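Structure first, commentary second.
The values are calculated or read from the model by the stated rules, or taken from the named source; none is laboratory data. Bear in mind that the values here come from a model prediction, so they are computed numbers and not experimental data. Methodologically, a virtual Cβ is constructed for each residue, glycine included, from the backbone with ideal geometry; neighbour enumeration extends over all protein chains shown. These accessible areas exclude ligands, DNA and RNA; they are computed on the full protein's heavy atoms, side chains included. Shrake-Rupley method; radii C 1.70, N 1.55, O 1.52, S 1.80 Å.
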Amino acid sequence: MNNANGMISTSSSSNTAQSQQSSGLRTYFKTLEGRYKLHYEKTYPSTLLHYAHGKTVSQVTLARLKDKPVPSTPTGQSSSFSATSGVRSAAARFWGGSNGGRSLSFGGGNGNSKNHGGNSRIGSIGASSSSNSLTNSNFDGKGTYLIFNVGDAIFISDLNTQDKDPVKSIHFSNSNPTCHAFDQDSKDGHDLLIGLNTGDVYSVSLRQQLQDVGKKLVGAQHYNKDGSVNNSRCTCIAWVPGGDGAFVVAHADGNLYVYEKNKDSAGDSSFPLVKDQTQFSVSQARYSKSNPIARWRICQGSINSISFSTDGAYIATVGRDGYLRVFDYLKEQFICGGKSYYGALLCCAWSLDGKYILTGGEDDLVQVWSMADRKVVAWGEGHNSWVSGVAFDSYWSSPNSNDEETVRYRFGSVGQDTQLLLWDLEIDEIVVPLRRPSGGSPTYSAGSQSSQWDSVVPLGTLQPAPSMLDVPKISPLVTHRVHTEPLSGLVFTQESVLTACREGHIKIWMRPAAAENQSSNSETLLSTSLKEKPSILSKIGNSSHRQ
């Protein structure tokens, strides 16, 4: 727990270690650069009824609030971010000192957003329109937070403290949040998106939710109200990088919708009928004032995960049908894709440079796709069950690499086998199969690639599943059982690795350098602020598939 000055005591770390050991789990794992240590955990309140969190898979989103000027009067603009509703009645005691401990009032602004046309700011799922909401005067308006869903609630935890319980909980009536996304570069207040199993979507200001101490969502913008456009479950949601408030929502029926958060909406938001359910197609809304503005027909069955490239030029989707599909987002054009070895694909993520895509799914494999070759270039073997989350570590750099021309990638994966796997990838070192002799098995080479391997797949090709013998294999650098329950996602920060299980428990693993600094000063606060890098929309693995 925090003391009155906001400093961390060592009792929380020792309690975490004891809990980890009692469950037979190690509190550290080793890599070439050193030892990653379990620092602390985050979870939902112990008062949450157990039966309430068996309907959805918990996902976690990292949200960093930057310093912003405090408006002297309530702003009349509404944004496209929607947060869920409900606050713990005792949450105020956590805020003092949790993110600096400064007392700062945000004078008004709760719930005073303007209603934009057909998008309702007040929903039937527990959103509040009250402009007289109580405010938390101790919230200082900045910090790094974890947003995660459990059952019918969204929870917000302060990453800069070791308090296990969240500082905010927002509950929905008769619906469950399934996915969420945060935009740290939002130009107005609304920076948080939340999709529900009913198809409804909310956008809200995270800062405004933390400021308010009530139990209702405040200042929310409501999209696809009561499933008016699509009543199937929201499976994943993402902001368009550099999209000036545009965001996309994927649904369980294989459709993806494009919204503009600042667009006035009025009239009918209808779309032409899909002529061929098996073919990719893009339809614009019938009316210019409609929101959503476009519908992408992606696949038959659920879209399980979506991920934008860093520059927002491309979007990758994976689905129930087992296919990865990559699209040129601006041109609305299919680029490439292919099928898993077996079963559905559940998660996907881009590398920071946009050259590679990771996928994982029911074949227990981590696939590495090359945008240059437009095909899978490596399979990662190491999981014993479905792979539910993948992510590149954009903060890692190779400690032994002095060759500027050599590019090595570090990425991670988590699965239903409760394990975290870390991988190192250097394409030049991959052992690739040579051309297979007729009637025989393939041979392998570390440098002389076959003409079949060198060939680039034509643009717009959706490839069948490759043979297991035709794809190079890589092995994990680290295999570590981190939870007792199946895992749902992971996030890399500058100083830690976050792992989340589907039941709503999150663990923070300190990187070697950060762990050494922490052990040298037990009262040093964890600093997990993000580097000023282009944001990558992968939600750790934003996959809200049913498992």
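Evaluate the stretch 254-272: report whether one residue or more is of a type in the set (G, A, S), open to solvent by less than 50 Å² (accessible area, probe 1.4 Å) and at pLDDT 95 or above.
Yes: the stretch 254-272 contains one or more residues that are of a type in the set (G, A, S), open to solvent by less than 50 Å² (accessible area, probe 1.4 Å) and at pLDDT 95 or above.
If you go through the stretch 177-194 one residue at a time, do you hit one that is touching a Pro at 6+ places or on another chain (Cβ under 8 Å) and at pLDDT 95 or above?
Checked the stretch 177-194: at least one residue is touching a Pro at 6+ places or on another chain (Cβ under 8 Å) and at pLDDT 95 or above.
Among the residues that make up the stretch 237-246, is at least one of them modelled with pLDDT of 95 or more, open to solvent by 10 Å² or more (accessible area, probe 1.4 Å) and assigned to a loop (DSSP other than H, G, I, E, B)?
Yes, the stretch 237-246 contains a residue that is modelled with pLDDT of 95 or more, open to solvent by 10 Å² or more (accessible area, probe 1.4 Å) and assigned to a loop (DSSP other than H, G, I, E, B).
Scan the stretch 307-329 and give yes if some residue there is more than 30 Å from Y342 (Cβ to Cβ), out of contact with any Gly (no Cβ under 9 Å at 6 or more places or on another chain) and free of Cβ contacts under 8 Å to residues at least 60 places away in the same chain, otherwise no.
Checked the stretch 307-329: no residue is more than 30 Å from Y342 (Cβ to Cβ), out of contact with any Gly (no Cβ under 9 Å at 6 or more places or on another chain) and free of Cβ contacts under 8 Å to residues at least 60 places away in the same chain.
Residues in the stretch 202-236 that are aliphatic (A, V, I, L, M) and not in a loop (DSSP other than H, G, I, E, B): how many? Show your work before the answer.
Going residue by residue through the stretch 202-236, those that are aliphatic (A, V, I, L, M) are 204, 206, 210, 213, 217-218, 220, 229.
The next check asks that each one be not in a loop (DSSP other than H, G, I, E, B); those that pass are 204, 206, 210, 217-218.
Of the residues in that region, 5 qualify.
Can you pull out every residue in the stretch 173-200 that is farther than 17 Å from E260 by Cβ and open to solvent by 10 Å² or more (accessible area, probe 1.4 Å)?
S173, N174, N176, F182, Q184, N197, T198
Just give me the residues in the stretch 145-181 being among the acidic types (D, E) and either assigned to a strand (DSSP E or B) or touching an Asp or Glu at 6+ places or on another chain (Cβ under 7 Å) (or both), in sequence order.
Of everything in the stretch 145-181, just one residue is among the acidic types (D, E) and either assigned to a strand (DSSP E or B) or touching an Asp or Glu at 6+ places or on another chain (Cβ under 7 Å) (or both), namely D158.
Could you grab the pairs with beta carbons closer than 7 Å, sequence gap of 6+ or different chains, first residue in the stretch 244-265 and closer than 18 Å to A316 by Cα and aliphatic (A, V, I, L, M), second one open to solvent by 30 Å² or more (accessible area, probe 1.4 Å) and not in a strand (DSSP E or B)?
A252/R233; V258/I293
Do you know which residues across the stretch 273-298 are in a loop (DSSP other than H, G, I, E, B) and either open to solvent by 80 Å² or more (accessible area, probe 1.4 Å) or without any contact (Cβ under 8 Å) to a residue 24 or more places away in the chain (or both)?
Pass one, the stretch 273-298, residues in a loop (DSSP other than H, G, I, E, B): 273-280, 285-293, 298.
Within the stretch 273-298, L273, V274, K275, D276, Q277, T278, Q279, A285, R286, Y287, S288, K289 qualify.
So which residues in the stretch 44-62 are surrounded by fewer than 21 Cβ atoms within 10 Å (Cβ to Cβ) and at pLDDT 60 or above? Show your work before the answer.
Kept after step one, since they are surrounded by fewer than 21 Cβ atoms within 10 Å (Cβ to Cβ), are these residues of the stretch 44-62: 45-55, 62.
Scanning the stretch 44-62 gives P45, S46, T47, L48, L49, K55, L62.
Here's a check for you: in the stretch 348-374, which residue that is aliphatic (A, V, I, L, M) and under 17 Å from F492 (Cα atoms) is most open to solvent (accessible area, probe 1.4 Å)?
Per the criteria, the residue is L352.
Has the stretch 384-395 got any residue that is assigned to a loop (DSSP other than H, G, I, E, B) and more than 22 Å from the chain's Cα centre (by Cα)?
Yes, that holds for at least one residue.
Do we have any residue at all in the stretch 134-142 that's open to solvent by 10 Å² or more (accessible area, probe 1.4 Å), modelled with pLDDT of 90 or more and either within 21 Å of the chain's Cα centre (by Cα) or under 21 Å from P45 (Cα atoms) (or both)?
no
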